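The values are calculated or read from the model by the stated rules, or taken from the named source; none is laboratory data. Only a predicted model underlies this, so the values are computations on that prediction, with no experimental measurement involved. With ideal geometry, Cβ positions are generated from the backbone for all residues, glycine too; neighbour counts draw on all protein chains shown. Surface areas here come from the heavy atoms of the whole protein model, side chains and all, with no ligands, DNA or RNA. Shrake-Rupley method; radii C 1.70, N 1.55, O 1.52, S 1.80 Å.
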Amino acid sequence: MTAAEIYLKTRLNERQSSGTYRTLKPENDLIDFCSNDYLGFARSATLKSNIEQEVQNHPHSFNGSTGSRLLSGNLQYAEDLEKTIAVYHQYQAGLLFNSGYDANLGLLSSLAQRGDTIILDELIHASAIDGARLSYANRYSFKHNDTESLEAKLKLAKGNCYVVIESVYSMDGDTPPLLDILHITEKYGANLIVDEAHAVGLYPAGLVAGLGLQKRIFASIVTFGKALGGHGAIVLGSEILRQYLINFARPFIYTTAASFHQLASVKMAYQLLNSAEQEVIDLKNNIKLFKEQITSKGTYPLLNSDSPIQCIVLGSNDKARGMANTLQNKGLDVRAILSPTVAAGTERIRICLHSFNTSDDIIKLTDTINQFINAR
């Protein structure tokens, strides 16, 4: 092996010995309690048919986009879709990115400059952390959902300041005190950015729109790979922000644009979302049923969450894997979230609830969890 391969092998061996080695798993026939398909759009026969019809309605569309949007890959269809999505979420404008990761990376790496400040919730998604790292800005993190900690960091801020939070956190499933955080950021003249990746679905247009705060938010990120059942993302904000990102966001400038089929999938998903009232009701009822049936507390607490993401903290990789294996052996697809993905001591199982989960499935899930915990 080369010196480089020896280094790679050493790092992998460290992961294996610490129990944090990651592997890919193929699809399975277990009952889905791990995917982000909150409203069932990814498996929707109706959505699939609507996408196929939309593609057929545009017989001259290409299989691929042929290039970046600044060269040959831009379509009027894409620009119209951006306007449609911006209107749906009640923002002035939006710019499509190929993934939520790309959106956060492009926004945060290009926005703040040397002498500016980015302040992140300590549990913010890795894509926001990476975007902030690529900027030349001063960076701080504040304690999760802690407004006093945020204010302490705001007092240290220099230049233009950007505060970045999620409206539903991907690993804890909880929601921040959005109004309180907004009041504090406005008090210090900072700009609030909200990642809505896991909120759309539970809140059809996102939590920001649900509270009517769009005009006070600098930017929101909406992804299409969760409740919308597709792929890609959009950064929503002002028209000035859109033009800035077109000119300075490297993950937008230097990548092949989304194909027509991907754009059509997003457009049809939004159309389906307009008539998904029953799916949203079913999702909320399933969240309520799960929380009523679970008895986890004390040593192995159920984290406080009203979202589809429900987590039970086991406190070690071995215990988290043990519960996940027990559930999978019962035909329930629940995955362990291990350190270093989460902090050591907060290892957990992460349960994702969906509109299509049946009451019997959820009761089987909660009974199995309760039995596992009571036997410890």
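Okay, here's what the table says:
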{"quantity": "Ranked order, D146, D29, D172, D306 - accessible area, probe 1.4 Å, largest first", "calculated": "D29, D306, D146, D172"}
{"quantity": "Along principal axes, Cα extents of region 82-203, largest first, whole Å", "calculated": "38, 29, 26"}
{"quantity": "Inter-part distance where region 280-334 and region 111-128 are each reduced to a Cα centre, Å", "calculated": "30 Å"}
{"quantity": "Prolate/oblate/rounded call for region 104-151, Cα gyration tensor, a/c under 1.5 rounded", "calculated": "oblate"}
{"quantity": "Rounded if a/c under 1.5, otherwise prolate or oblate - region 1-152, Cα gyration tensor axes", "calculated": "oblate"}
{"quantity": "Accessible surface of T341 - all protein chains present, 1.4 Å probe, nearest 10 Å²", "calculated": "80 Å²"}
{"quantity": "All aspartates and glutamates inside 19 Å of K319 as judged from Cα atoms, apart from same-chain residues fewer than 8 positions distant", "calculated": "D172, D333, E347, D367"}
{"quantity": "Share of pairwise Cα separations in region 1-67, more than 18 Å, in percent", "calculated": "69 percent"}
{"quantity": "Computed Rg/Rh of region 296-368, alpha carbon atoms with Kirkwood Rh", "calculated": "0.95"}
{"quantity": "Candidate values (1) 19.0; (2) 22.3; (3) 20.8, label of the one derived for mean projected area of the Cα convex hull in nm²", "calculated": "(3)"}
{"quantity": "Gaussian network model of the chain, springs between alpha carbon atoms under 10 Å - residue of G131, G206, G345 with greatest fluctuation", "calculated": "G345"}
{"quantity": "P(r) of region 154-302 over all Cα-Cα pairs, binned every 10 Å from zero, in whole percent", "calculated": "9, 31, 34, 19, 6, 0"}
{"quantity": "Accessible solvent surface per residue of region 147-301, calculated while the other protein chains remain in place, 1.4 angstrom probe, Å²", "calculated": "42 Å²"}
{"quantity": "Lysines with Cα under 25 Å of K9, excluding same-chain neighbours fewer than 8 positions away", "calculated": "K25"}
{"quantity": "Net lengthening on full extension, R216/N374 (0.36 nm per residue, minus Cα-Cα)", "calculated": "52.2 nm"}
{"quantity": "Surrounding net charge for G315, when Lys and Arg each add one and Asp and Glu each subtract one, Cβ distance under 10 Å", "calculated": "0"}
{"quantity": "Cα Rg, Dmax (largest Cα-Cα span) when computed across region 223-376, Å", "calculated": "19.6, 58"}
